[in-house]
Amino acid sequence: MTERVRFRPFTGDPKRRVEMSRAPLALVLVQVRWPEHGHLALDFKELALTFGKNLDNFPLYHEIVDQGFQITPEGVQQVRGETTYQWRSIDDVWVVQLTKTFVSLYCAPHEDYRYSELAERLDQIVGLLHSVLKIQVTDRVGVRYVNRLSEPDFMSELPEIFDRRVLGMAGLEGDHGVQLVNTLSQAIYRAEDVTLHVRSGYLGPNETMDPSIQPVPLQSWVLDLDASQELRMVYSSGQIQAVAGRLADTAYDFFKLVLKEQAEQRLDGHS
């Protein structure tokens with residue numbers, strides 16, 4: 001893969017780099033979505049199993065069946081919903097999920113995460129979308145980074161590390177033993193053809209923003225950066241990679257915007 005042109009819509013700064021051996025990531029996810037294709041309605045399970053058979057280093061398999069409800073003259077009845085096909089790496093760090101209309105690749109936090117690692121795995125997946133599933137058109141690509149901090153000593157330093165505008169209502173507890181338990185703020189930004197949905201704030205113990213993220217028994221602070229492009233395109237694995245890179249750049253640049261200068265040195269190693 002060739003080096004992509006970096007997208008820096010928030011800072012306009014292509015030089016500053018935030019490098020951490022252990023970034024405070026709770027989840028990294030990329031998703032490719034497409035409109036319904038008629039041929040996938042025939043026997044999707046067989047196609048899904050062929051897709052999974054050709055995935056490298058994803059030996060663990062699981063099927064997730066959604067349960068829905070239907071109102072009939074006899075009352076409300078439970079019906080079988082859509083099946084999601086899931087494959088996991090043997091260490092449970094990486095997960096691929098496939099349905100008739102999207103594929104997701106996500107990973108749990110691990111040391112020395114690099115976007116190139118995500119891009120390499122995505123490259124194989126988008127190749128299989130073409131060769132096995134015969135996807136002709138896509139209509140959405142999304143990349144999401146969820147950052148989470150929970151160590152008590154570190155939580156007290158957040159105003160020295162991040163711009164106060166992403167810290168929610170922190171500091172408004174008062175002086176009479178009041179404790180801030182939960183506060184979330186959200187904003188939606190538009191940068192050319194990219195939409196960035198930002199959520200930030202504090203969660204109480206054992207709370208999580210997403211079922212894919214295991215809760216922690218402590219209060220935590222989260223910065224959820226969800227970048228997407230909704231545009232119908234004739235299928236192209238190279239174009240999907242280019243869009244995913246642009247989305248990752250958008251989230252990364254917002255992180256740079258709210259992270260104070262040199263703060264990554266204090267931030268590195270905390271989770």
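Annotations for the structure displayed:
- The residues in segment 23-67 that are in contact with a Lys or Arg (Cβ under 7 Å, 6 or more places away or on another chain), more than 30 Å from E151 (Cα to Cα) and outside any strand (DSSP E or B) can be counted, and the count is 5.
- The number of residues in segment 215-224 that are under 26 Å from I64 (Cβ atoms) and either modelled with pLDDT under 90 or among the aliphatic types (A, V, I, L, M) (or both) comes to 2.
- Among the criteria (1) touching a helix residue (DSSP H, G or I) at 6+ places or on another chain (Cβ under 6 Å); (2) open to solvent by 10 Å² or more (accessible area, probe 1.4 Å), the one A248 does not fulfil is (2).
- Where a residue in segment 22-33 is in contact (Cβ under 8 Å) with a residue 12 or more places away in the chain and its partner, wherever it lies, is part of a strand (DSSP E or B) and surrounded by fewer than 18 Cβ atoms within 10 Å (Cβ to Cβ), with Cβ under 7 Å and at least six apart: Q31/F102; V32/F102; R33/F102
- Of L203, L218, all but one fail to be surrounded by 18 or more Cβ atoms within 10 Å (Cβ to Cβ) and not polar (S, T, N, Q); the exception is L203.
- The listed residues are D253, D249, and the only one of them that is outside any loop (DSSP other than H, G, I, E, B), closer than 18 Å to L27 by Cα, of a type in the set (D, E, K, R) and in contact with a Ser or Thr (Cβ under 8 Å, 6 or more places away or on another chain) turns out to be D253.
- Segment 29-67, residues that are over 17 Å from V132 (Cβ atoms), surrounded by 14 or more Cβ atoms within 10 Å (Cβ to Cβ) and of a type in the set (A, V, I, L, M, F, W, C): L29, V30
The values are calculated or read from the model by the stated rules, or taken from the named source; none is laboratory data. It should be emphasised that the depicted structure is a prediction, and the values quoted were computed from it without experimental measurement. Using ideal geometry, Cβ is built from the backbone for each residue, glycine included, and neighbour counts are taken over all protein chains shown. Just the protein is used for accessible areas: all its heavy atoms, side chains included, with ligands, DNA and RNA removed. Shrake-Rupley method; radii C 1.70, N 1.55, O 1.52, S 1.80 Å.
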